[in-house]
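What follows draws every value from the coordinates through simple rules; no lab data is involved. Since the model is a prediction, treat every value here as computed from it, not as a measurement. Virtual Cβ from ideal backbone geometry, glycine too; neighbours counted across all protein chains shown.
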Amino acid sequence: QAKRLGKQYPMSFADNALMFRSGNPAPCGDADAILAQGKKFYEELSPETGVFFNTMLDNELLDVLSTPGKAAGGYCTSLWDYQVPFIFANFNGTQHDVEVVTHEAGHAFAAYTNRDRVPYSTVWPSMEGCEVHSMSMEFFAWPWAEGFFGKDTRKFLYSHLAGALTFIPYGTMVDHFQHIVYEKPDLTPAERHAAWKELLGIYMPWMKLDGEIPFYSEGEGWQRQKHIYESPFYYIDYCLAQTVSLQFWAMLQKDRANAWEHYMAYTRQGGSRVFTELLKNAGLDSPFEESCLRGVCETAKQWLDSYDLTGIE
């Protein structure tokens, strides 16, 4: 990344946010175009997903446009009285808009698939189990990426996979930080910032804290991660799920139909089993096994090293 940008490694926080000198990938259409491409994606992916996404559109179950006074954020929830999921988001003209249609709709598809489960507490699995649905669906959308990103498709594919890998050390760092502050509740604000800075050096050595943005260089960046306040110890669940999603990505490189069979075998179980049993029943490796993370990372690195970025600045 530093070489592409013409920067010295390690790079500042601001420079790390840029994957390409010509800019990060952006959708090639407006909100209506993104939803239309989402409809095409789900209709062509499988009969089940086609019925699901058309149900969402027909019943206006996607509130995704940014409007004055609207709350921030994006999420999927369920309207239990009607046995349907609901997606809330704020489109802003970035790659995030497409991720709403893939990630959040991955959650929604799982809820829709298991909507008849009784008791309804078994519709969703545990948090790490839920994030498998969404993070993996992002990768299933790759064959339709050109319809979302146009000329930026290659940028998107590369940055999406690279970002999935670099997210894991970041997410682990967030979890490690929480262990520190919970074990030492009397730490002063300055001591917490110092702990975060130390962890940055361990988990994200590619980040140079050069004082360019004092908030980050002084170790206050953890305060951006609202999960630390609102959902303690949730973040490691994303790391576990990302490792599983990379298994699906690896499967997709060989046999898309087989990957989808495994995905449905996982998703149809809803929350009927604990996380490791959901994986086992779907023929997936547990991220708690060391060989699992190593295997998917090696495969992803080979793909990234050989991917053709000719002509992209």
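Within segment 10-118, the GluC sites (Glu not before Pro) that combine a DSSP coil assignment with at most 16 other C-beta atoms in a 10 angstrom radius are GLU60. Take the Cα of PHE215, step 7 Å toward its Cβ, do the same at THR122, and the gap between the two points is 4.5 nm. Loop-located trypsin sites (Lys or Arg not before Pro) across segment 196-231 with a Cβ neighbour count of 11 or fewer within 10 Å are LYS226, with loop assigned by DSSP.
Size descriptors for segment 107-186 (Cα atoms only): Rg and Dmax, in that order, 17.6, 52 Å.
Taking label points 7 Å from Cα along the Cα-to-Cβ direction, TYR9 and LEU57 give a separation of 4.4 nm.
Volume of the convex hull of segment 134-274 (Cα atoms only), normalised per residue: 147 Å³.
Can you name the helices of the chain, as whole DSSP H runs, whose Cα span along the helix axis is 15 Å or more and whose Kyte-Doolittle mean is not below -1.0? Span-like helices, by this rule, are 31-45, 47-58, 127-140, 153-183, 189-203, 235-252, 256-267, 290-306. Full extension of the segment from LEU79 to ARG294, taken as 0.36 nm per residue of separation minus the current Cα-Cα distance, would add 73.5 nm. If both residues of a DSSP beta bridge must be in the chain, then about 55% of such bridges are antiparallel.
If you take the Cα centroid of segment 258-294 and the Cα centroid of segment 8-72, the two points sit 26 Å apart.
Over the C-alpha trace of segment 89-146, radius of gyration and Dmax come out as 12.9, 41 angstrom.
Can you give the extra length, in nm with one decimal, that the chain gains between GLN223 and ARG273 once fully stretched, where that is 0.36 nm per residue apart less the Cα-Cα distance?
Extra length available between GLN223 and ARG273 comes to 14.6 nm.
On the principal axes of its alpha carbon atoms, segment 246-313 extends 48, 27, 19 Å, with the longest extent given first. For segment 137-275, lysine pairs with C-alpha atoms less than 28 angstrom apart, excluding pairs fewer than eight positions apart on the same chain, total 9. Stretching ASN92 away from ILE312 to a fully extended chain increases their span by 76.8 nm, per 0.36 nm per residue minus the current alpha-carbon distance.
Which of the chymotrypsin sites (Phe, Trp or Tyr not before Pro) found in segment 240-313 are loop residues per DSSP with 16 or fewer other Cβ atoms within 10 Å of their Cβ? For chymotrypsin sites (Phe, Trp or Tyr not before Pro) across segment 240-313 that sit outside H, G, I, E and B with at most 16 neighbouring Cβ atoms in 10 Å, the list reads PHE288, TYR307.
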